[in-house]
Amino acid sequence: MTGPPVDEAAVASPACTPTAADTDVLERAHQEAAGPLPIPLQNLIEALDGVVYVTDTEGRLILTQRRLWTDATGEPQGQNARSCHPAGRSLFASMFGEEVEQLYRDIQVAVVRQMVPALHFDYRCDAPDIERSMRMAISPIVIDGEVAAILYQSVTVSEKMRPPMDIFLFEKLMSQNPEPGATAILTLCCKCHDVAWPIGAATEDATWIAPEDYYRRGGRNDVVVSHGLCPDCSKEMRALLKTKGQPAPDPT
């Protein structure tokens, strides 16, 4: 997730299957409200389109789709063998860039407190040779008038092939705290995928350009990539967090 902010390859694999305790609160509430749950929650999640995961109100993972991260034998495949995301771990731990992590923490707070309804927004989640547009929905799971969990769902809107761009390689995503003197850091807007130019510029001082223009200007591939928000996308996302006459929530 070169998408907002979530690294999709870092969400759980079968080795990270939640225990009964992880989903007990949802199943118990369902049983009290409507009798025995006829379908296991994991099966419901697997049936949904796109990339789906459920967190508790603090942002800790409860459920993810196994089918997205396994091969035909049920074993972890590709990046998942290296990036298993255990149930109970914070969703925000898989995000790149402090500004992006804070935005999603604020979204979680706003939805949990029911200050905003379900949020929907479009974003880019490119691969090196694919330009991919996606739509994110972040929805409260409400039981007896209280938010018990949060459902995140990303679905693909469109895809088109293009000449490869190595800045979209998963391996180029950096940790939040790179070592001093590390290779030049390139910041991508996690929503529109514009690039902060020149390389290494502070986001507030950068000119934001399309990835194609990055290469036209002589942009290099020997960089590590972090995520941020360009001014236009930051303004758009913050506007989503505002209710009538109310500011965005204070996460504290």
(request) Calculate I(q)/I(0) for the range 186-248 by the Debye formula, one identical point scatterer on each C-alpha and no solvent, and give its log10 at q = 0.17, 0.20, 0.27, 0.29 Å⁻¹ to two decimals. (result) -0.58, -0.72, -1.12, -1.24
(request) Would you calculate the volume per residue, in Å³, of the smallest convex hull containing every Cα atom of the range 110-164? (result) 67 Å³
(message) Taking the full set of protein chains and a 1.4 angstrom probe, give the accessible area of LEU151 in square angstrom, rounded to the nearest 10.
(response) 40 Å²
(message) Per residue of the range 56-65, what does 6.51 cos²θ - 1.76 cosθ + 1.60 with θ = phi - 60° give for ³J(HN,Hα)? Whole Hz please, x for Gly and Pro, Karplus curve as stated.
(response) 7, 5, 8, x, 8, 5, 10, 9, 9, 8
(request) Quick one: work out Rg over Rh on the C-alpha atoms of the range 93-204, Rh as Kirkwood radius. (result) 1.03
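The values are calculated or read from the model by the stated rules, or taken from the named source; none is laboratory data. Since the model is a prediction, treat every value here as computed from it, not as a measurement. The protein model used for the area step is the full one, side chains on, heavy atoms only, and it has no ligands, DNA or RNA in it. Shrake-Rupley method; radii C 1.70, N 1.55, O 1.52, S 1.80 Å.
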